[in-house]
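The values are calculated or read from the model by the stated rules, or taken from the named source; none is laboratory data. In this text, all values refer to a predicted model and were calculated from it rather than measured experimentally. Every residue, glycine as well, gets a Cβ built from its backbone with ideal geometry; the counts of neighbours run over all protein chains shown.
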Amino acid sequence: MAEKTTIARPYAQAIFAIAQEQGALAKWSAMLGLTATVVSDPQVVPLIGNPNVTREQIVDLLFGVCGDNLNDTGKNMVRVLADNGRLNVLPEIAALYEVERARAEGTLEAEVISAAELSSAQQQTIAEALKKRLGREVTLEVTIDASLLGGVIIRAGDLVIDNSAKGKLAKLSHRLLG
């Protein structure tokens with residue numbers, strides 16, 4: 001994974017620079033998301049790097065699936081990645097691009113894992129507290145994991161807050177045994 005990220009980073013940075021120049025951050029998010037989804041499809045994965053399938057055939061396949069959702073610069077990106085044998089890192093490029101976009105827009109996506117359903121008021125309280133702590137607009141992605149027993153785990157960038165009953169029990173156990 002780290003190797004793919006290392007390979008993807010310069011592409012993501014270059015694409016982000018182009019997107020900023022064009023004033024099309026959202027459009028590039030959509031193009032990268034779509035192409036990343038296509039190259040990750042279980043029917044497409046075996047074709048990438050297959051010696052019996054030319055790069056031009058793969059490019060044509062991507063253009064056919066993506067259709068008008070790719071502009072000329074997006075098509076050039078696909079060609080460059082194909083020519084360099086890097087289509088398989090498109091998901092990492094898309095993820096790194098989104099990190100750059102969020103940084104530029106002053107936003108952050110936080111993952112909230114809760115033991116039970118959170119009300120919209122609870123979600124709003126969490127989002128406001130994270131905004132105050134991190135100094136950025138925060139959007140939440142909430143999932144339910146009943147195995148937490150109670151409480152929440154919040155992941156926002158490098159910040160991890162484990163306020164779950166399961167996490168507290170593990171800490172207590174570690175203190176008692178350690």
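Cβ contacts < 9 Å: first residue free of Cβ contacts under 8 Å to residues at least 40 places away in the same chain, restricted to segment 98-112; second residue in a helix (DSSP H, G or I) and exposed (fewer than 14 other Cβ atoms within 10 Å of the Cβ), any location; separation 6+ or different chain. Result?
none
Look through segment 145-178, keep the residues that are surrounded by 13 or more Cβ atoms within 10 Å (Cβ to Cβ) and among the β-branched types (V, I, T), and return whichever of them is nearest to A104 (Cα to Cα).
Selected residue: I154.
Suppose we keep only residues that are crowded, with 17+ Cβ neighbours inside 10 Å and of a type in the set (G, A, S) within segment 110-126. Which one would you say is modelled with the highest pLDDT?
Checking each candidate, the answer is S114.
I'd like to verify a number: residues in segment 123-144 that are charged (D, E, K, R) and more than 20 Å from E105 (Cα to Cα), how many?
0
From the list L90, L96, L70, L140, which one is surrounded by 15 or more Cβ atoms within 10 Å (Cβ to Cβ), hydrophobic (A, V, I, L, M, F, W, C), on the phi < 0 side of the Ramachandran plot and not assigned by TED's automatic domain parsing to the domain that holds L32?
Criteria check complete, one pass: L140.
State which residue pairs qualify: first residue of a type in the set (D, E, K, R) and inside segment 1-25, second residue assigned to a helix (DSSP H, G or I) in any location, beta carbons under 8 Å apart, and separation of 6 or more residues or different chains.
Sorted first by the residue in segment 1-25, then by its partner, the pairs are K4/N88; K4/V89; K4/E92; R9/L96.
Restrict the check to segment 122-138 and report whether at least one residue is aliphatic (A, V, I, L, M) and farther than 30 Å from L25 by Cα.
No, segment 122-138 has no match at all.
Limited to segment 25-44, what total is found for residues that are outside any helix (DSSP H, G or I), of a type outside the set (D, E, K, R) and within 20 Å of A8 (Cβ to Cβ)?
Result for segment 25-44: 1.
Being buried (at least 17 other Cβ atoms within 10 Å of the Cβ) and hydrophobic (A, V, I, L, M, F, W, C), is that true of even one residue in segment 49-57?
no
Does K171 satisfy the condition of being touching a helix residue (DSSP H, G or I) at 6+ places or on another chain (Cβ under 9 Å), more than 30 Å from M31 (Cα to Cα) and not assigned by TED's automatic domain parsing to the domain that holds A19?
In short, no.
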